[in-house]
């Protein structure tokens with residue numbers, strides 16, 4: 001059997017996972033004891049797994065997550081009001097399939113962004129198009145895009161994202177153009193895709209933060225009516241961990 005030409009041909013036609021599995025079989029003593037169907041199954045399983053990993057890596061690169069977080073590492077022991085049953089349900093991802101939203105609120109440092117990135121990471125693993133952005137930066141980018149002609153294209157690209165994470169909602173008052181931009185984003189996604197918002201402000205203060213009552217009504221009606229909510233409480237986890245960290249002795 002011409003093994004090396006076979007490996008080359010596998011690589012040439014993009015069967016990289018299968019080629020790696022084939023090499024492993026070549027170097028496995030007990031491989032000859034396997035039947036044809038068993039060998040073929042191993043090759044196909046490796047190819048499927050390799051392609052799934054490559055898709056996940058591509059999704060994660062495009063998502064641009066702010067933090068390296070995973071749902072398997074969520075700390076449920078720290079008293080911050082995290083509803084474990086709700087979060088486990090969110091991990092399942094049905095809310096994304098049903099195009100629902102998620103609002104995570106709470107004071108600075110309780111892990112809002114981390115939890116958002118963990119859910120976004122899981123969405124990437126589930127093969128959903130995902131993007132993390134800080135809302136202030138996104139609104140700045142939209143302002144620049146309006147000036148150089150990229151505005152319609154940028155809005156269209158945001159509408160195609162299956163899970164859009166808007167971090168740091170409500171850090172500063174919105175200008176007139178920013179309100180309209182926010183409405184365009186939310187309206188394009190309404191009942192078509194999921195939006196995850198994190199904010200230090202409680203939801204009942206978002207209307208005042210947006211400013212214009214008419215636009216605020218339109219934005220919040222589209223964002224809140226089908227949204228799950230996580231309301232976190234407690235002290236900053238960063239301060240707590242810093243306080244518990246052992247004091248390092250001075251260098252000699």
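The values are calculated or read from the model by the stated rules, or taken from the named source; none is laboratory data. Bear in mind that the values here come from a model prediction, so they are computed numbers and not experimental data. Positions of Cβ are backbone-derived with ideal geometry, glycine not excepted, and every protein chain shown enters the neighbour counts.
Determine which member of the set 34, 60 is closer than 30 Å to residue 233 by Cα and surrounded by 13 or more Cβ atoms within 10 Å (Cβ to Cβ).
Among 34, 60, only 60 is closer than 30 Å to residue 233 by Cα and surrounded by 13 or more Cβ atoms within 10 Å (Cβ to Cβ).
Against the conditions (1) part of a loop (DSSP other than H, G, I, E, B); (2) in contact with a strand residue (DSSP E or B) (Cβ under 9 Å, 6 or more places away or on another chain), where does residue 96 fall short? Just the number, please.
Among (1) part of a loop (DSSP other than H, G, I, E, B); (2) in contact with a strand residue (DSSP E or B) (Cβ under 9 Å, 6 or more places away or on another chain), the lone unmet condition for residue 96 is (1).
Please verify whether residue 55 is surrounded by fewer than 15 Cβ atoms within 10 Å (Cβ to Cβ), within 16 Å of the chain's Cα centre (by Cα), touching a residue at least 40 places away in the same chain (Cβ under 8 Å) and not assigned by TED's automatic domain parsing to the domain that holds residue 188, treating the condition exactly as stated.
yes
From the list 139, 182, 163, 119, pick out the single residue that is closer than 18 Å to residue 209 by Cβ, crowded, with 22+ Cβ neighbours inside 10 Å and in contact (Cβ under 8 Å) with a residue 40 or more places away in the chain.
182
Can residue 120 be described as part of a helix (DSSP H, G or I), in the same structural domain as residue 188 (by TED's automatic domain parsing) and under 10 Å from the mean Cα position of the chain (by Cα)?
yes
Please indicate, with yes or no, whether at least one residue in the range 67-77 is surrounded by 14 or more Cβ atoms within 10 Å (Cβ to Cβ), in the same structural domain as residue 232 (by TED's automatic domain parsing), in contact (Cβ under 8 Å) with a residue 60 or more places away in the chain and closer than 26 Å to residue 234 by Cα.
Checked against the condition, which is being surrounded by 14 or more Cβ atoms within 10 Å (Cβ to Cβ), in the same structural domain as residue 232 (by TED's automatic domain parsing), in contact (Cβ under 8 Å) with a residue 60 or more places away in the chain and closer than 26 Å to residue 234 by Cα, the range 67-77 yields no hits at all.
From (1) over 30 Å from residue 127 (Cα atoms); (2) part of a loop (DSSP other than H, G, I, E, B), pick out the condition that doesn't hold for residue 191.
Tallying (1) over 30 Å from residue 127 (Cα atoms); (2) part of a loop (DSSP other than H, G, I, E, B), residue 191 fails exactly one: (1).
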